[in-house]
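A quick write-up on the structure given underneath.
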Protein chains: 4
Amino acid sequence: MPTSETIAAPGTGNVSTNETMKALVYGGPGKRAWQAMPRPLVRDPGDAVVRITTSTICGTDLHIMKGDVPTVTAGRILGHEGIGVIEAVGPLVSTFRKGDRVLISCVSACGICDLCRKGMYSHCRTGGWILGNTIDGTQAEYVRTPHADTSLYHLPADADEEALVMLSDILPTAFECGVLNGKVQPGDTVAIVGAGPIGLAALLTAQFYSPAAILMIDVDDNRLRVAAELGATTLINSADGSAVQRVLALTGAAGVDVAIEAVGIPATFDICQSILAAGGRLANIGVHGAPVQLHLEKLWDRNIAITTRLVDTAAIPMLLKLVRSGKLQPSKLITHRFALGDIMKAYDTFANAAKERALKVILTNPVNT
Amino acid sequence: MPTSETIAAPGTGNVSTNETMKALVYGGPGKRAWQAMPRPLVRDPGDAVVRITTSTICGTDLHIMKGDVPTVTAGRILGHEGIGVIEAVGPLVSTFRKGDRVLISCVSACGICDLCRKGMYSHCRTGGWILGNTIDGTQAEYVRTPHADTSLYHLPADADEEALVMLSDILPTAFECGVLNGKVQPGDTVAIVGAGPIGLAALLTAQFYSPAAILMIDVDDNRLRVAAELGATTLINSADGSAVQRVLALTGAAGVDVAIEAVGIPATFDICQSILAAGGRLANIGVHGAPVQLHLEKLWDRNIAITTRLVDTAAIPMLLKLVRSGKLQPSKLITHRFALGDIMKAYDTFANAAKERALKVILTNPVNT
Amino acid sequence: MPTSETIAAPGTGNVSTNETMKALVYGGPGKRAWQAMPRPLVRDPGDAVVRITTSTICGTDLHIMKGDVPTVTAGRILGHEGIGVIEAVGPLVSTFRKGDRVLISCVSACGICDLCRKGMYSHCRTGGWILGNTIDGTQAEYVRTPHADTSLYHLPADADEEALVMLSDILPTAFECGVLNGKVQPGDTVAIVGAGPIGLAALLTAQFYSPAAILMIDVDDNRLRVAAELGATTLINSADGSAVQRVLALTGAAGVDVAIEAVGIPATFDICQSILAAGGRLANIGVHGAPVQLHLEKLWDRNIAITTRLVDTAAIPMLLKLVRSGKLQPSKLITHRFALGDIMKAYDTFANAAKERALKVILTNPVNT
Amino acid sequence: MPTSETIAAPGTGNVSTNETMKALVYGGPGKRAWQAMPRPLVRDPGDAVVRITTSTICGTDLHIMKGDVPTVTAGRILGHEGIGVIEAVGPLVSTFRKGDRVLISCVSACGICDLCRKGMYSHCRTGGWILGNTIDGTQAEYVRTPHADTSLYHLPADADEEALVMLSDILPTAFECGVLNGKVQPGDTVAIVGAGPIGLAALLTAQFYSPAAILMIDVDDNRLRVAAELGATTLINSADGSAVQRVLALTGAAGVDVAIEAVGIPATFDICQSILAAGGRLANIGVHGAPVQLHLEKLWDRNIAITTRLVDTAAIPMLLKLVRSGKLQPSKLITHRFALGDIMKAYDTFANAAKERALKVILTNPVNT
């Protein structure tokens, strides 16, 4: 169970002064605490240190809390999403300076290695998803962000931080892994399996391409209701095991052009592979912990594509434009707000998402407090 | 075991006169005969009847003989590859006439339905792979070909039929399902698992895009030797189970850009999914009879794509140009030649491919004999 | 000036009985008449004869009336857009029968030739844009449509014909030549030069891809007002010659991602080439009668693409889905309605578009009249 | 006329010690000298200083010598191609160190700005083509290269420098602007207008995609002979003005799939636009100094694309792999070799290319001399 006992400081981590800050520290499966930690300093010349003003909690953080992510060890500060103000930069940082307001990408990218040059920032040879994973993260008053020039984004001073913090991870993830990989086209029939925050973010961003129908599949009627408000055209509660039959019935047995997997378990992947039309695309977003059975004996001749992707956040500049123009309204995903100092309570709420009707929870730590 | 007893005529099949012809008839698992059959006539207005001059045997025909393809019933004339001369056409046929020399696509396509208009001829609503499957096929003196206007291709009178009959199925299959789906690019590292005819055809056509390295993986050293002659840069005999380790060693642990599955069993699919680089493409060509385990717990964050496809033969016009220009030499795949009348023996040879060192076997039935 | 004197029957045209119908006949530059003509019959086996229930007039028809389209000769029935009911079909037609309600594509495509197989129906070797051009067209009570199977589209009996007749030409033209060729992407800045019906159709269909901004450029304030209602985010009246400067000012000197030319004269093409961002796409829709100066001395290093296209109408199935789902509302382009019998007056109105504030005019000829 | 008088040192340029080096200095139209210049030092923290071991002369350098490139001012050291050994690096450089052997890209790219992140390095907001243009270049014993991490490429110590120096500019230019923009596909018919070094480099790299035919068009029979050796399938001497007719005759009036403009004058652009097939791509590589007439009155309905591009050199890693694997042999473009100290003579030879039968000239400055 989550606790608030103090957790021993990590062996690896931040160069620090004697100054401290408060941070959410992982203490091994089921254990976390909001506690004093050394305040980070610039360590590598490409680093920035950012004072966090807005953060949030990701479904992945819950996976970490269950012990599902072995790269995260006890003592780690969690969090890979955030907005803040630059406190300090290393000598290699050329495009940011103290006082700049920035969006922090959940992916740190050097911009130099072969994989970064291909736009595959998630597999950067010295970066990738490291924040709140192999280095300390953003659920803290301060965070050190490596490769700042290619991992932070300028925001205007009057930015709507609640909305924009959704661009750290959840919106680029849903868009890149689900919508872009799924090649959603105008007129398509799209099914999204999983109406949690990530599935709903896929729902929002799939609409950039004007599909004719978006079928939302989940076991939670409340989440399906939210999906209807956010643009789903058909709601399917899959609790009774009839989702596949119903999708096939709705599509005249043809199946869907695009199936987006937004859960990460064999059962939901199975729905996706069973409802794909000939020529269809199955875009996996979910984080899987176990293998799945792929029915190649049925699919070998169906002209389908199955894709996976760790978000590259290459779409952040495009998403920023779409928020600015009003075409994308990320705050629709926000259900709860807490002060950063109440993050222990925020975790409790987010972990009981169904009961609390929680989607994304906002954590604020305004500069003037 | 294959037999040459006469097999009862099929319940469905061709409208025919009293004239007969010889044909290779499937008699249920393990049974086939070269026997007299009614000679086909035009039945539907879009049909052509073609006198076969060159044909061949496909790996799929061996699957049929094992009883693996339930749509093929006893009494069916096999074969979906062939070249011949038009004997008669129905009233809807506008671009072919009696006496024209034609290449027969293994896929019959109406050209009108929604899926044909998308170029997905393999899923034509009134066609697809039907020859030698749900209607009588090309291993016969005559064949009825539906949707002739959009399923046959004009050949010059002096065409090299041995070479061009490879364009009925094996070359477009390897190219479309393996090379195009695998998005082979100049400089890529490509692995092809399976050095049978289809894998070797992938090897030939992958070279259209100038990959830097092509690793050929098989258990048969003779086939690997052939692969070396046809352009493979590295040969890996996977009999000892070390193929994955060796590919990873050869690529500095990075894996391959493209893995082409050209066998159709879980073990070979497994090699493919284990050697993919981040951002890699796994293009499945093999006909699978069983599900496979897909290791999404390892692959969910690897930015990969897995594709399947039943050949559409949309690439036949391109391949014809490449043969004509000398860039593609399909006869490199031919190891044995028989008269069509010796097809029973040809099947024996082809079925013992390893021992006979057989790749593609040519069946000829010249007009002047 | 247009007249209503009877125009001599054309030398080429329709096989016909003695039955007559009324049709709009071109009589050479400036001359047209609504007059009795022989009623068309099936001539070629792939033909359908359609009783027109809804038609419209295209900007191209006005060009024809000015004598700008030399392939159209006196005696020709004009019109290449229409919806109707099948009256008769030839023996090759397999997917339509008498009584079917159909949308007529402005492009007739055989579906068989090499160019049709590439989806370039506009360049079909025995079709293309021929209706109301080299064969009699749709501004008549009846029309003969060649290649019916691949040039007509089924409509439900309760179809909204006014809306759907926009899918014969104007919407696929704007979408394929402007939006698809321009590769409009979410977040893009798009400029459309020309707010006539075709430019407004580009405006409607560009929104399928959620650009951040759409700048509409025209000399007519009324049309710009309509553009604002249809989704333009910025209106620029180019009458004062400052359009280029204003676009550059609005885009921080960067220029636009996509410029869509929807007029067809050197001055509007010139605006387009002057406002393109590095990496931008200039998609030409306009029918040009004269060469333009292309400023390669400025553009050679700007990483741009310029495209042209005669509409292929390959997008009609997609557009039908989008109308059905409510994502596309073509009736927004309709300003005037006439009975087909009043087509002479409809031409007058359409030819005085600015004064009449006319966009698309609907011509109706209901079955029950 | 070129001279070897000493040219006054430039107002802007390199921070330097008192040490000098020899360099080729532009002195205004027609004037150049190989003279002593201050040896460059690291100025900005992302700089490297490279001791040049191999360089070459580009057609663009000849344009500069004619005064055609106004951004180049008297006193500038020319040259934007080269290989060398790192002498010093600034504090921001993280992937190179003193002693590393490197290929210098002709384009300097920060890797951080919005345009670099789109892969459009040529339009980098603080880089682009600046070497030998707005800052001192590579035809010198030493050069300062900005944005070293994203503008230099590691080479092995035993690299074939003659071959690889072709990857600084000419090969990526021909490949990216000509072959990639032209979307050369297997089986295509490609015409290249201009058989100078850049056209021949397009010829070499077009073959990565196995076109069926490559027509080479030039006025110089010697260059056409070279083209035949490098893979051209048809040679057309356009001196008699019949090139367009001959291409149309050779293609059955259809025209070519891809026309690559590799000269940069209206006459050659005109050939390209006159020989394009419906659906064809015109890829401009040439540096144009004047506008061209674009015949939109003929092309508006031809479904064509015209592209321009300043080389991004994004293809250098791919080209390095292709050289290493033997698929690309850049030394075929080399005709003359000089010591760097004889560069004045090398310019004379290169400027009289037709008479000297010169293509690329190599300038060497080995470390051990």
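The values are calculated or read from the model by the stated rules, or taken from the named source; none is laboratory data. Not measured: the values here are computed from a predicted model. Note that each Cβ is placed from the backbone with ideal geometry, even for glycine, and that neighbours are counted across all protein chains shown. Remember, those area values only see protein heavy atoms, side chains included, never the ligands or the DNA or RNA. Shrake-Rupley method; radii C 1.70, N 1.55, O 1.52, S 1.80 Å.
Here are some notes:
- Given in Å, the Rg to one decimal and the Dmax to the nearest whole number for the Cα atoms of the stretch A:11-109 are 14.1, 40.
- Value at 222 nm in deg cm²/dmol, rounded to 500, when DSSP H runs of n ≥ 4 in chain C each add -39,500 (n - 2.57): -5500 deg cm²/dmol
- In nanometres and ascending order, the distances from the residue B:20 label point to those of the other copies are 6.6, 9.9, 10.3 (point 7 Å from Cα along Cα→Cβ).
- In this calculation the C-beta distance from residue A:160 to residue A:63 is compared with R0 = 25 Å, giving a FRET efficiency of 0.30.
- Value of D in µm² per second that Stokes-Einstein yields for the stretch A:276-339, Kirkwood Rh from Cα pairs, at 10 °C (1.306 mPa s): 102 µm²/s
- Listed residues D:45, D:330, D:172, most fluctuating in chain D (Gaussian network, C-alpha, under 10 Å): D:45
- Karplus-based coupling profile of the stretch D:345-362, in residue order and whole Hz: 5, 4, 4, 4, 5, 5, 6, 10, 4, 4, 5, 7, 6, 8, 10, 9, 10, 9, with θ = phi - 60° in 6.51 cos²θ - 1.76 cosθ + 1.60 and x standing for Gly or Pro.
- Cβ-Cβ distance of residue D:221 and residue B:183, R₀ of 41 Å, FRET efficiency by 1/(1 + (r/R0)^6): the value works out to about 0.55.
- Percent of beta bridges antiparallel (DSSP, the stretch D:81-240, rounded to nearest 5): 45 percent
- Solvent-accessible area buried by pairing B with D, both sides, nearest 100 square angstrom, 1.4 angstrom probe: 1300 Å²
- Semi-axis lengths, largest first, of the ellipsoid equivalent to the protein assembly as shown are 50, 40, 39 Å, with √(5λ) applied to each eigenvalue of the Cα gyration tensor.
- Restricting attention to chain A, close to 55% of DSSP beta bridges with both partner residues there are antiparallel.
- For chain A, built as a Gaussian network whose Cα springs stay under 10 Å, the top-fluctuating residue of A:195, A:290, A:339: A:290
- Amide H contacts under 5 Å for residue B:53, placed H, 5+ residues apart: B:83, B:84, B:85
- Between the stretch B:253-311 and the stretch C:326-365, the Cα center-to-center distance that results, in Å: 56 Å
- Stokes-Einstein D for the stretch A:302-369, Kirkwood Rh over Cα pairs, 10 °C, 1.306 mPa s (µm²/s): 106 µm²/s
- Fraction in percent of alpha-carbon pairs per bin - 10 Å, the stretch A:141-284: 12, 41, 28, 13, 6, 0
- Rounded to whole Hz, the Karplus (6.51, -1.76, 1.60) HN-Hα couplings of the stretch C:38-50, x for glycine and proline: x, 7, x, 10, 4, 10, 9, x, x, 6, 10, 10, 10
- Virtual spin-label span in nm between residue D:235 and residue B:344, 7 Å along Cα→Cβ: 5.9 nm
- Surface/4 estimate of mean projected area, convex hull on alpha-carbon atoms of the stretch C:60-136, nm²: 6.0 nm²
- Once the gyration tensor of the Cα atoms in the stretch B:90-224 is diagonalised, the equivalent ellipsoid follows with semi-axes of 31, 17, 14 Å, ordered largest first.
- Given in Å, the Rg to one decimal and the Dmax to the nearest whole number for the Cα atoms of chain B are 20.4, 67.
- Long-range HN-HN contacts of residue A:39 with modeled amide H, under 5 Å: A:17, A:19, A:20, A:21
- An oblate overall shape is assigned to the stretch C:114-155, the ratio a/c of its alpha-carbon gyration tensor axes (a ≥ b ≥ c) being 1.5 or greater and a/b not exceeding b/c.
- The heavy atoms of residue D:208 present about 0 square angstrom of accessible area, all protein chains included, probe 1.4 Å.
- Within a Gaussian network of chain C (alpha carbon springs, distance under 10 Å), most fluctuating of C:37, C:318, C:120: C:318
- The Cα atoms of the stretch B:120-195 give a gyration tensor whose axes a ≥ b ≥ c have a/c of 1.5 or more with a/b greater than b/c, which makes the shape prolate.
- Derived scalar couplings between HN and Hα for the stretch A:188-204 equal 5, 9, 10, 10, 10, 9, x, 9, x, x, 6, x, 5, 5, 5, 4, 4 Hz in order, rounded to whole Hz, by the Karplus curve 6.51 cos²θ - 1.76 cosθ + 1.60 (θ = phi - 60°), x for Gly and Pro.
- Annotation for residue D:43 and residue D:325: the two label points, set 7 Å from Cα along the Cα-Cβ direction, are 4.0 nm apart.
- Taking a straight Cα-Cα cut-off under 27 Å and skipping sequence neighbours fewer than 8 places away in the same chain, the lysines within cross-link reach of residue B:355 are B:31, B:66, B:332, B:345.
- What the Cα convex hull of the stretch B:203-282 gives, in volume per residue, is 89 Å³.
- Centre separation in Å (Cα based) which lies between the stretch C:164-238 and the stretch D:85-146: 41 Å
- Global geometry of the stretch C:229-369, whether rounded, prolate or oblate, following the gyration tensor of its Cα atoms and the 1.5 cut on a/c: prolate
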